[in-house]
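Colleague: Have a look at this one before I ask anything.
Please treat every number below as a calculation from the coordinates, not as lab data. Quick caveat: nothing in here was measured; it's all calculated off a predicted structure. Neighbour counts run over all protein chains shown; Cβ positions are idealised from the backbone, glycine included.
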Amino acid sequence: MTNEERDYLFDQGLALSSILERVCVELLGMMENIDDRVEISRAISKLESEGDDVFHAANDRLQLMDLNNDDRLQIFSILRHVEDIIDMIDELGKTIVRYNTRTVTNGFKASVNSINGAVKKFVVIINAMREYNPEHKEQFYRTVNTFDAFKVDYEKMYDVLIYELFSTPHDIVDIIRCKAIYDAIRDIFTAFEVSADDAYKYIVSKG
């Protein structure tokens, strides 16, 4: 891989990360303006479409590069999993609309704030991968561990939220609605965990 090709791929990774940040900003806006959920969900879907375009263009270029299969698949996975997270946030927005969610619980808002924190940390990781120096390996691992911790923290939050949902009186529709949303958020954090694994594998391959 030439330096130009490497720079191009990291540029596309950062472009996807930028779209991910913008998607998250829209989702945060939905928490503050839930009555505008339909319009905001459409805005998220438009950004998701932009992410698809970036991913497919990067993949087309990737196929033309002189790489061994392992390196090609590794780079593909990194880009693919960022796009997957964008897709999942898009699906979360659609779930909010689909279930006609009209109120934002504290747990719901805290979960979305945690997604935002994970996204910001993920952008740091992408930049750290681009500038990686083996002398800073331990620092890089700590950064990835911090990112990976968002999944662990949400699992704990999920257990509390689900317990509260089923241990106190709720309308059955509210139970269905809230569980669908919490499960969708859980899927997003599982995808973050996969991206953390991508980062580990990338650094291991660099020695």
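Colleague: Taking the stretch 58-115 on its own, what percent of its Cα-Cα pair distances exceed 16 Å?
Modeller: Every Cα pair in the stretch 58-115 considered, those over 16 Å come to 60 percent.
Colleague: Go from 0 up to the bin containing the longest alpha carbon distance in the stretch 3-206, width 5 Å each, and give me the % of pairs per bin.
Modeller: 1, 7, 16, 18, 18, 14, 10, 7, 5, 2, 1, 0, 0
Colleague: Same structure, new question: Please compute the modelled spin-label separation between residue 28 and residue 7, points set 7 Å along Cα→Cβ, answer in nm with one decimal.
Modeller: 3.1
Colleague: Further question: Past 21 Å, Cα to Cα, is the threshold; run 137/201; 156/179; 121/179; 109/179 against it and keep the listed order.
Modeller: From the list (137/201; 156/179; 121/179; 109/179), the Cα-Cα distance tops 21 Å for 121/179.
Colleague: Given a Förster distance of 22 angstrom, what is the FRET efficiency for residue 135 paired with residue 70, based on the Cβ-Cβ distance and rounded to 0.05?
Modeller: Efficiency, rounded to the nearest 0.05: 0.35.
Colleague: Under unit Cβ charges (Lys, Arg +1; Asp, Glu -1), what dipole magnitude, rounded to 20 debye, does the stretch 3-206 have relative to its Cα centre?
Modeller: Value, rounded to 20: 460 debye.
Colleague: Continuing with this model, one more query. Taking only DSSP H segments of four or more residues, each worth -39500 (n - 2.57), what value at 222 nm results for the chain once the sum is divided by all its residues, to the nearest 500 deg cm²/dmol?
Modeller: Helix-only estimate at 222 nm: -31000 deg cm²/dmol.
Colleague: Here's another thing I want to ask about it. For the chain, what relative contact order do you get, as a whole percent, if you take Cα pairs closer than 8 Å and at least 6 residues apart?
Modeller: 29
Colleague: Please name whichever of 170, 141, 86 sits farthest to the positive end of the charge dipole of the chain, dipole taken about the Cα centre and charges placed at Cβ: Lys and Arg +1, Asp and Glu -1.
Modeller: 170
Colleague: Further question on the same structure: How many times 2.2 N^0.38 Å is the alpha carbon radius of gyration of the stretch 8-93?
Modeller: 1.22
Colleague: May I ask for the distance between the Cα centers of the stretch 118-184 and the stretch 13-53, given as a whole number of Å?
Modeller: One Cα centre to the other: 18 Å.
Colleague: Once the piece of chain linking residue 105 and residue 59 is laid out straight, how much longer is it, given 0.36 nm per residue of separation minus the C-alpha distance between them?
Modeller: Here the answer is 12.6 nm.
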